[in-house]
1. To the nearest whole number, what is the average tally of beta carbon atoms from other chains within 10 Å of the beta carbons of peptide B:42-52?
2. Once the Cβ-Cβ distance between A:Arg39 and A:Leu127 is put in as r, and R0 is 41 Å, what FRET efficiency do you end up with, to the nearest 0.05?
3. Just the Cα atoms of segment A:1-121: what Rg and Dmax do they give in Å?
4. Is there a simple number for the mean count of other chain Cβ atoms within 10 Å of the Cβ of residues in A:30-38, and what is it?
5. For a footprinting-style exposure proxy, rank A:Ile260, A:Ile24 by other Cβ within 10 Å, fewest first.
6. Nearest 10 degrees, 0 to 90: what angle lies between the long axis of helix A:253-275 and the longest principal axis of chain A (Cα atoms)?
7. Restricting attention to segment B:1-88, which chymotrypsin sites (Phe, Trp or Tyr not before Pro) occupy a DSSP loop and are surrounded by at most 12 other Cβ atoms within 10 Å?
8. What is the extension gain from A:Tyr150 to A:Ala297, computed as 0.36 nm multiplied by their sequence separation minus the C-alpha to C-alpha distance, in nm to one decimal?
Amino acid sequence: MNLIDRYVAEVGKHLLLVKGRKDIENELRSTLEDMLEERAQKAGEPADEAMQMELLKEYGAPGRVAETYNPNPYLIGPRIFPFFMFILKIVVAAVTLGLTIATGIQIMSASPMTAVDLLSTIGKGLLNIVSACIAAFGNLALVFALIERYAPASEFKMDEEKEWDPAALKKEPEPDDVKIWEPMLAIVFTFIALSIFNFNPQLIGIYYLDGNKWHVLPLLSEAFFRWLPLMNIAWVAEIVLNGMLLRSGKWTTSTRLVSIATKLFQMVILGLLIAGPSILALTPDSLQAAGVNDLEALNILETMADKGLDIILGLAIFGSLVEIIKSIYKMVTQK
Amino acid sequence: MANTESLENVVLELRRGVIVLAALSQLGAPEYGYSLLKKLADLGLDVDQGTLYPLLRRLEAQGLLESVWKLEEARPRRYYVVSAEGKKLLPKLKKEWAGIVSVMDKMLS
């Protein structure tokens, strides 16, 4: 096998999926031999390996030469790529939402649960989501690659190619439009909060290692759980509101009113939490039982925790108030 | 540097646009790829092999060219010639080209 044969074979390796590969190889060989013959005639000496080397170097790397013969160099071409991305987003969102809800149900049904169980269930859930999304991406890419290869442009037309109407151009993004992932995330996290506070409240606490055993020091007192039914109403309202946003895709007067009512209700609950007895279960006694013996430090810690919590709850009330004012302003300025 | 590159790119685009017409116009009689390449070069149009050969295959797939393998000097060569459909198309393309030249002449004069 001379150098030209080896070169042609190398180009052929890059053309395995191209129709008429043998034909291309034969034509390439014939052309290279013609060119070599012409060079040899000009030089007045028979073609040798050095001449072949020079010719092939000028002709170009086999991969690059093969590329010029490939009529369809894309796995998923620009014609169907936007459609691929559109479907991919829907599939990934659906897989993520479905598996997150499944993990939430698993956490609720496994009550009571230890912190290690909870972390392991959440970890497994996250891994499932990642692997399911990768698998969905792979399968979808495979389907679209097949469409790209076997549905010629003349036979497979995208909707916009059939009849395109300039009136269908997307308008400027409306300020009232809702990004789909925002209500989805809100639902997922509210759902998690609901399941932990109602079914596994023992998980909320400070964890410490005593010898080889993990202990948990409850963080929230009875005073907190007294308000749980009210909080449940607020969380369910939050889920309903985000469900409405998912459905309508934009903020409307009704969703804004529901949002204002929910925020007001949350402010009332936060106010009750501040005004009532301490919602922290961390007392000098409980901390002492956990092995902290410096009494003065315990008193300072308790005061700081109570004050800090009041500041956090106060900030949350302020945040809700800002949200309410923003909603009212948008309702007033809405076209 | 950037200017030279831009000029080269634009010239390349311009040439690419005329190669189809140039090739069809020179294939009234059968030619094999390399002979066509030299013929075009002799007439003043240098075309890269990597552009011409795939183009010939594409024009054949579109039915504008026909090809046949012939054994010459112990070497098989693939000869291309304009098909009946290509012959019908060529005058229309020439007319289109004349129109483009006339418009551009007006613009550039």
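1. Rounded to a whole number, the mean comes out at 2.
2. Details: r = 62 Å, r/R0 = 1.50.
For R0 = 41 Å, the calculated efficiency reads 0.10.
3. Every Cα atom of segment A:1-121 included, Rg and Dmax give 28.8, 93 Å.
4. 5
5. A:Ile260, A:Ile24
6. Long axis of A:253-275 versus the principal axis of chain A: about 50 degrees.
7. Numbers: sites: B:Tyr32, B:Tyr34, B:Trp69, B:Tyr79, B:Tyr80; in loops: none.
Answer by residue number: there is no such site.
8. Stretched out fully, the A:Tyr150 to A:Ala297 stretch lengthens by 45.5 nm.
Taken together, the values in this text are just the output of simple stated rules run on the coordinates, not laboratory data. Everything quoted here is computed from the prediction, not taken from an experiment. Counting neighbours? That spans all protein chains shown, and the Cβs are built from the backbone with ideal geometry, glycine included.
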